[in-house]
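Here's the structure, in structure tokens; my notes come after.
The values are calculated or read from the model by the stated rules, or taken from the named source; none is laboratory data. All values reported here derive from a predicted model rather than from experimental measurement. When we count neighbours, we look across all protein chains shown, and the Cβ atoms used for this are built from the backbone with ideal geometry, even at glycine.
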Amino acid sequence: MPAFPDKQLAMSLAPTVNLLRASLQALKARQMSLSEFCQTWRSQKTLLTALPERYGQVMEDLLGRMEAGSLFTEESCSFSQDDLQANLSIWLDKASQTLERQP
């Protein structure tokens, strides 16, 4: 884990968090494909490295569910895209809070 003071770490990764928030909004507005969205999220290695390992695991689980759910209609799949997007928004909130608290 990098040895940044907590505020410096949070500030240095704020553009990455903002990029992920923007991509989530673009996906909701159908301005970004799910494939592009998942690629954007998965490519943020610096952010994932700065967070505890469980964050990467949870993120990957949510992205995998989104990809699996996209193969079916909403009625035939147990993965609600809206719910998964809401969970990714919560993930971003918690990740930001975690970055601000890290030593």
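Observations on the structure shown:
- Whichever residue in region 1-40 is in a helix (DSSP H, G or I) and of a type in the set (K, R) and, among such residues, is modelled with the highest pLDDT: R21
- Flag for T49 being touching a residue at least 40 places away in the same chain (Cβ under 8 Å), out of contact with any Asp or Glu (no Cβ under 9 Å at 6 or more places or on another chain), part of a helix (DSSP H, G or I) and on the phi < 0 side of the Ramachandran plot: yes
- Of all residues in region 34-75 being of a type in the set (G, A, S) and within 18 Å of I90 (Cβ to Cβ), the one that is surrounded by the most Cβ atoms within 10 Å (Cβ to Cβ): G69
- Enumeration of residues in region 47-96 that are at pLDDT 95 or above, of a type in the set (D, E, K, R) and farther than 20 Å from Q25 by Cα: E53, R54
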